[in-house]
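The values are calculated or read from the model by the stated rules, or taken from the named source; none is laboratory data. Predicted model, so just to flag it, every value in this text is computed and none were measured. Don't worry about glycine lacking a Cβ; one is built from the backbone with ideal geometry, like all the others, and counts go over all protein chains shown. Heavy atoms of the whole protein, side chains included, go into the accessibility calculation; ligands, DNA and RNA do not. Shrake-Rupley method; radii C 1.70, N 1.55, O 1.52, S 1.80 Å.
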Amino acid sequence: MNCEDYRQAIATEPSYDGGGAHLSACADCRAFRDEMRALEQEIARALAISVPELRIPDLPDVDTTGVVPLAARRRLRMSLWMAAAATAVLAAFVGLRMFGSDVTYPTLADEIVAHLDHEPYALRVTDEPVDPRRLAKVVPASIAAMNNDAGLITYAQTCVINGKKIPHLVIQGKQGPVTILLLPDEAVDAPVSIEGDSIDGVILPVGHGSVAIIGEKNEKLEEIERNVVNSVTWST
């Protein structure tokens with residue numbers, strides 16, 4: 001028996017009296033045994049509390065002549081169709097959260113602002129980069145290739161814009177997180193401004209698609225815009 005085996009045995013049962021040969025040669029385990037047994041005795045003393053005998057007082061008889069009994073309440077049972085309906089509602093809710101809804105917006109910029117309002121958790125300040133495997137899953141080679149010019153990517157998620165799945169990325173700007181949406185199927189002829197209550201941004205034409213870049217009101221986006229545009233290459 002070694003130290004690990006003995007200590008496991010004595011910790012499981014402090015009254016364990018085996019391992020005599022090991023104890024005779026190991027002062028540390030003897031000390032551990034004494035400590036465990038002392039702890040067991042202390043716990044036993046703490047639990048030895050004198051509890052008074054439970055006595056139920058004599059209660060007077062209650063006059064029930066004027067008491068009207070209530071009808072027994074029927075237990076509510078959920079029928080199979082109600083359970084199926086609840087399941088369908090839950091599935092629809094999850095589907096809307098994952099793949100968007102049928103809500104239409106006047107412009108692409110309006111839809112982007114609404115999308116950001118529903119994902120505030122993406123805008124956290126951190127210096128921890130996204131795992132490369134996750135980034136490769138969100139931005140697969142079939143959509144685009146990105147180099148490191150864009151900046152430190154700290155968030156990557158597949159989202160839905162205008163009914164199409166797109167990569168939603170976040171990098172860290174000087175004033176806070178900056179959102180980048182890769183929109184390979186949304187062609188624009190010229191830059192389109194994005195304005196929100198606390199954000200500013202732009203949709204930039206890039207090849208046959210576009211890229212949306214959105215930051216805080218006081219974020220200088222010009223350098224980020226150049227870096228992001230230079231970092232994205234659409235797959236053909």
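Test Leu169 against the criterion of being under 19 Å from Pro120 (Cα atoms), of a type in the set (A, V, I, L, M) and surrounded by 15 or more Cβ atoms within 10 Å (Cβ to Cβ), and give yes or no.
So Leu169 passes the test.
How many residues are open to solvent by less than 80 Å² (accessible area, probe 1.4 Å), within 17 Å of Asp149 (Cβ to Cβ) and without any contact (Cβ under 8 Å) to a residue 24 or more places away in the chain if we restrict to region 181-236?
Here the count works out to 1.
Return a yes/no flag: does region 133-150 have any residue that is part of a strand (DSSP E or B) and within 14 Å of Leu116 (Cα to Cα).
Within region 133-150 (the criterion being part of a strand (DSSP E or B) and within 14 Å of Leu116 (Cα to Cα)), the answer is no, since none of the residues qualifies.
Among the listed residues Val211, Val228, which satisfies the condition of being touching a strand residue (DSSP E or B) at 6+ places or on another chain (Cβ under 8 Å) and in a strand (DSSP E or B)?
Val211
Under 14 Å from Val232 (Cβ atoms), in a strand (DSSP E or B), modelled with pLDDT of 90 or more and in contact with a helix residue (DSSP H, G or I) (Cβ under 9 Å, 6 or more places away or on another chain) - does that describe any residue in region 190-201?
No, region 190-201 contains no residue that is under 14 Å from Val232 (Cβ atoms), in a strand (DSSP E or B), modelled with pLDDT of 90 or more and in contact with a helix residue (DSSP H, G or I) (Cβ under 9 Å, 6 or more places away or on another chain).
Can you work out which of the residues in region 144-155 that are open to solvent by 40 Å² or more (accessible area, probe 1.4 Å) and hydrophobic (A, V, I, L, M, F, W, C) is farthest from Pro120 (Cα to Cα)?
Ala145
Within region 210-219, is there a residue that is within 27 Å of the chain's Cα centre (by Cα), of a type outside the set (A, V, I, L, M) and more than 20 Å from Ala114 (Cα to Cα)?
No, because not a single residue in region 210-219 is within 27 Å of the chain's Cα centre (by Cα), of a type outside the set (A, V, I, L, M) and more than 20 Å from Ala114 (Cα to Cα).
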